[in-house]
Amino acid sequence: MTLTAAIVPAAGRGERLGPGAPKALRLLGGVPLLVHAVRALATARLVDLVVVAAPEDGVDEVVSLLSEHRLLDGEPGVAPAQVVAGGATRQDSVARALMALGADVDVVLVHDAARPLAPSSLVDAVASAVRAGAEAVVPGLPVVDTVKRVDAAGLVVETVDRSVLRSVQTPQGFRRPVLQEAHAASDPDAPATDDAGLVEALGRPVLVVPGDEEAFKVTRPLDLVLAEAVLARRRAAGVVT
Ligand code: CTP
Ligand code: MG
């Protein structure tokens with residue numbers, strides 16, 4: 001039996017969002033960001049189990065929250081979840097969740113709790129690209145802004161050719177051995193901001209598939225305003241979230 005697990009790093013503080021609860025527990029449409037993210041993963045066709053890396057002192061709270069939203073035990077069409085304590089960096093949180101996986105998991109997705117509105121269709125698209133043979137898969141979108149390289153004095157060195165750039169999102173998907181090898185080889189003192197970066201450092205190929213605008217990351221206060229608007233539009237269209 002080969003299973004697909006989805007790891008959810010959710011142990012960050014959300015400093016750029018401003019004072020308040022840890023970001024994963026902040027509310028969107030009255031529901032914590034983490035609950036939205038876990039629901040999208042757990043209801044994706046190709047996900048068999050979800051592992052959340054919670055804030056170290058918030059494991060019990062996250063377990064109760066998932067239970068309250070019927071996302072803990074698994075139901076028809078909803079994969080079960082488990083919760084582990086996250087670490088000091090995102091990379092460390094992912095590594096801790098990886099250690100909790102059973103031997104029957106051979107595909108691992110990693111998805112930020114901070115991307116609550118990533119659709120299940122994107123989750124399945126990434127998982128199926130891995131199942132089709134890619135070792136590492138990331139969703140990416142064209143860069144919309146003009147991007148300039150600057151020097152320490154703030155002077156422009158050059159305008160970068162954006163046609164060859166992609167803004168990458170999560171969920172990112174991996175064959176389990178490559179992700180584990182990448183984490184084992186990583187430098188804890190120079191943590192990566194995404195998992196594909198660790199795989200790239202091994203010199204292994206990472207495939208970019210089309211991303212989804214709604215998979216944007218909630219980082220700053222304005223992102224929450226956008227997320228509320230997207231959610232309101234979904235609810236008005238009768239999409240249950
Ligand atoms: N994350 C984590 N463990 C950490 C730090 C981050 O699991 N020690 C998670 C966050 O919870 C988030 C994801 O990694 O779901 C992406 O990180 P980011 O957007 O940077 O979230 P925060 O670190 O919470 O935000 P900030 O950097 O503004 O403090
Ligand atoms: Mg962070």
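Coordinate-derived values only; no laboratory data. Because the structure is a prediction, the values reported are computed rather than measured. Counting neighbours? That spans all protein chains shown, and the Cβs are built from the backbone with ideal geometry, glycine included.
Side notes on the structure shown:
- All positions within region 203-241 that are part of a loop (DSSP other than H, G, I, E, B) and either touching a strand residue (DSSP E or B) at 6+ places or on another chain (Cβ under 6 Å) or under 22 Å from residue 9 (Cα atoms) (or both): 206, 211, 212, 216, 217, 218, 219, 220, 241
- Residue check for residue 94: touching a residue at least 24 places away in the same chain (Cβ under 8 Å) and within 16 Å of ligand 1 (Cβ to nearest atom): yes
- Qualifying residue in region 83-93 (condition: crowded, with 19+ Cβ neighbours inside 10 Å and farther than 18 Å from residue 24 by Cβ): no
- Some residue of region 190-199 being charged (D, E, K, R), without any contact (Cβ under 8 Å) to a residue 24 or more places away in the chain and within 16 Å of ligand 1 (Cβ to nearest atom): no
- Considering residues of region 19-46 that are more than 16 Å from ligand 2 (Cβ to nearest atom) and touching an Asp or Glu at 6+ places or on another chain (Cβ under 8 Å) only, the residue nearest to residue 118 (Cα to Cα): 44
- Residue count for region 150-188 satisfying the condition of being more than 19 Å from residue 98 (Cα to Cα) and of a type outside the set (A, V, I, L, M, F, W, C): 10.
- Screening 85, 42, 37 for residues that are farther than 20 Å from residue 170 by Cα and either within 11 Å of ligand 1 (Cβ to nearest atom) or within 17 Å of the chain's Cα centre (by Cα) (or both) leaves exactly one candidate, 85.
- Residue among 155, 165, 122 that is under 26 Å from residue 10 (Cα atoms) and of a type in the set (A, V, I, L, M): 122
- Within region 115-127, tally of residues that are touching a strand residue (DSSP E or B) at 6+ places or on another chain (Cβ under 9 Å) and assigned to a helix (DSSP H, G or I): 5
- Going through (1) small (Gly, Ala, Ser); (2) at positive phi; (3) touching a residue at least 24 places away in the same chain (Cβ under 8 Å) one by one, residue 30 falls short only on (3).
- Residue that is surrounded by the most Cβ atoms within 10 Å (Cβ to Cβ), among those in region 158-198 that are assigned to a strand (DSSP E or B) and of a type outside the set (Phe, Trp, Tyr): 173
- Pick from region 1-18, criterion surrounded by fewer than 12 Cβ atoms within 10 Å (Cβ to Cβ) and part of a loop (DSSP other than H, G, I, E, B), ranking: farthest from ligand 2 (Cβ to nearest atom): 1
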